[in-house]
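The values are calculated or read from the model by the stated rules, or taken from the named source; none is laboratory data. Since we're looking at a predicted model, the values are computed, not measured. Backbone-built Cβ (ideal geometry, glycine too); neighbour counts: all protein chains shown.
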Amino acid sequence: MNNLEKKSFYSFLFLYLGSSLFFVILSGFWYYSAQKNSLENTTYYKLQHLADRVSGLVINAHMMDSRLSPPKTDDGYEYVLIPSKEKRVYEKNYFERDGYKFLISTAPQGHLSIEFVEVKTDEYHKKLSILQRDVLVTMVLVFGTIVIISWILSKLFMRPIHDKISSIEQFIQDISHELNTPITALNMSSKRALQKGVFDKNILTNISISTKQLYSIYQSLAYLNFSSQKQEIELLELKPILLQSIEYYSELTIAKGIIIKTNIEDSSLKAVSSRIELLFSNLISNAIKYSMPNTTITIMLRDGYFSIKDEGVGIAQEKLQMIFELYERDSQIAGGFGVGLSIVKKICDEFGIDIEVVSELEKGSCFKLTW
């Protein structure tokens with residue numbers, strides 16, 4: 001990941017984990033508070049129940065004039081009988097001291113000279129410590145699980161962004177390379193012309209080809225950025241548009257020794273003129289780009305049908321479905337930046353044109369358009 005991706009990744013992760021930690025702590029606090037209150041109530045009622053049971057035995061022994069049999073208590077619970085002669089005074093009947101919970105009951109009411117039953121337990125703090133430990137461990141485990149899940153989700157979330165950024169970076173590198181070639185050729189040709197003082201045909205041809213290459217790149221970039229702008233659809237005669245596009249690239253085909261064979265008839269289509277010009281331009285330039293020198297390109301146009309066939313490098317069968325994706329290039333042989341066929345597909349989809357590709361490695365490709 002580059003610095004921008006890392007910054008976005010860690011910002012998203014920090015925000016997600018920060019908010020998750022807040023809710024984990026809040027949930028843990030609510031659960032702990034609820035359980036603590038429940039434990040407090042349970043402890044109180046157990047102490048109260050023990051005190052009532054002891055008081056009942058005291059009263060019963062006094063009434064029956066029998067010996068008091070001390071009751072058994074649960075582990076962690078103790079009681080003490082406070083006689084009246086001690087004249088103790090308690091400010092509260094339920095309190096906490098030295099790690100114990102105390103409950104003072106006046107239920108004996110002086111029977112057997114017993115004034116109070118003092119019941120105590122340290123189970124409350126033992127269970128509270130266990131509760132604190134369990135809640136803390138659970139919070140750590142839950143947050144740890146959230147960290148792992150959020151890391152995985154963040155990676156999955158960033159993957160398409162990373163792929164897109166990589167594609168854009170590659171696109172910028174490719175277009176820089178593509179622009180460098182015609183610009184360098186223009187610069188060298190103009191320098192040669194100025195040095196010679198004579199503008200011969202070869203120099204002018206090089207300048208013309210380079211200028212057209214630059215203009216083709218400009219058209220593709222303009223379409224990618226401004227294709228959402230609506231333009232008027234009209235019934236177009238395709239023959240003159242196609243002938244103009246073929247003528248436009250004539251200098252380049254001559255330079256590569258490529259022969260253009262044509263079988264062109266009248267044909268019409270409801271579309272936008274600039275879009276169809278770009279469609280033909282991309283298909284023709286693509287065929288020239290991937291054709292070997294001294295080969296033939298065959299172009300056919302008739303009503304509802306267009307095809308262009310080259311004798312170039314061809315496309316592997318497993319890559320045929322990918323060639324129309326933006327920034328996708330099947331071959332590195334002829335350069336390019338992977339937008340030409342994507343633009344072709346978008347224009348075809350826009351005007352209801354079906355496109356089919358037949359290709360074989362080392363033998364060439366044929367693009368067929370029907371409408």
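Please go through region 125-137 and pick out each residue that is β-branched (Val, Ile, Thr) and exposed (fewer than 15 other Cβ atoms within 10 Å of the Cβ). Outline the logic, then answer.
Residues of region 125-137 β-branched (Val, Ile, Thr): 130, 135, 137.
Within region 125-137, Ile130, Val137 qualify.
Name the single residue, out of those in region 333-371 being closer than 13 Å to Asn286 by Cα and in a loop (DSSP other than H, G, I, E, B), that is modelled with the highest pLDDT.
Checked region 333-371; the qualifying residue modelled with the highest pLDDT is Val339.
Taking the options Gln213, Gln229, name whichever one is surrounded by 15 or more Cβ atoms within 10 Å (Cβ to Cβ) and modelled with pLDDT under 70.
Numbers: Gln229 fails: surrounded by 15 or more Cβ atoms within 10 Å (Cβ to Cβ).
None of the others qualify; the one that does is Gln213.
If a residue counts only when it is hydroxyl-bearing (Ser, Thr, Tyr) and over 21 Å from Glu362 (Cβ atoms), which helices (runs of 4 or more DSSP H) contained entirely in region 212-322 have at least 3 such residues?
273-289
Can you go through Ile246, Ile258, Ile276 and tell me which one is free of Cβ contacts under 8 Å to residues at least 40 places away in the same chain and aliphatic (A, V, I, L, M)? Full working, then the answer.
Working: Ile246 fails: free of Cβ contacts under 8 Å to residues at least 40 places away in the same chain; Ile276 fails: free of Cβ contacts under 8 Å to residues at least 40 places away in the same chain.
When all the criteria are applied, what remains is Ile258.
In this structure, does Phe14 turn out to be out of contact with any helix residue (DSSP H, G or I) (no Cβ under 9 Å at 6 or more places or on another chain) and assigned to a helix (DSSP H, G or I)? Before you say what the answer is, go through the steps one by one.
Working: out of contact with any helix residue (DSSP H, G or I) (no Cβ under 9 Å at 6 or more places or on another chain): yes; assigned to a helix (DSSP H, G or I): yes.
Yes, satisfied.
Please pick out the residue among Ser113, Ser154, Ser167 that is hydroxyl-bearing (Ser, Thr, Tyr), modelled with pLDDT under 95 and loosely packed, with under 15 Cβ neighbours inside 10 Å. Spell out the reasoning first.
Working: Ser154 fails: loosely packed, with under 15 Cβ neighbours inside 10 Å; Ser167 fails: loosely packed, with under 15 Cβ neighbours inside 10 Å.
Answer to the selection: Ser113.
Look at Asp310 and say whether it is exposed (fewer than 13 other Cβ atoms within 10 Å of the Cβ) and modelled with pLDDT of 90 or more.
Details: exposed (fewer than 13 other Cβ atoms within 10 Å of the Cβ): no; modelled with pLDDT of 90 or more: yes.
For Asp310, the condition - exposed (fewer than 13 other Cβ atoms within 10 Å of the Cβ) and modelled with pLDDT of 90 or more - is not met.
Output the number of residues of region 51-71 satisfying the condition of being hydroxyl-bearing (Ser, Thr, Tyr) and closer than 17 Å to Ser105 by Cα.
Filtering region 51-71 down to residues hydroxyl-bearing (Ser, Thr, Tyr) leaves 55, 66, 69.
From what's left, closer than 17 Å to Ser105 by Cα: 55.
Looking only at that region, the number is 1.
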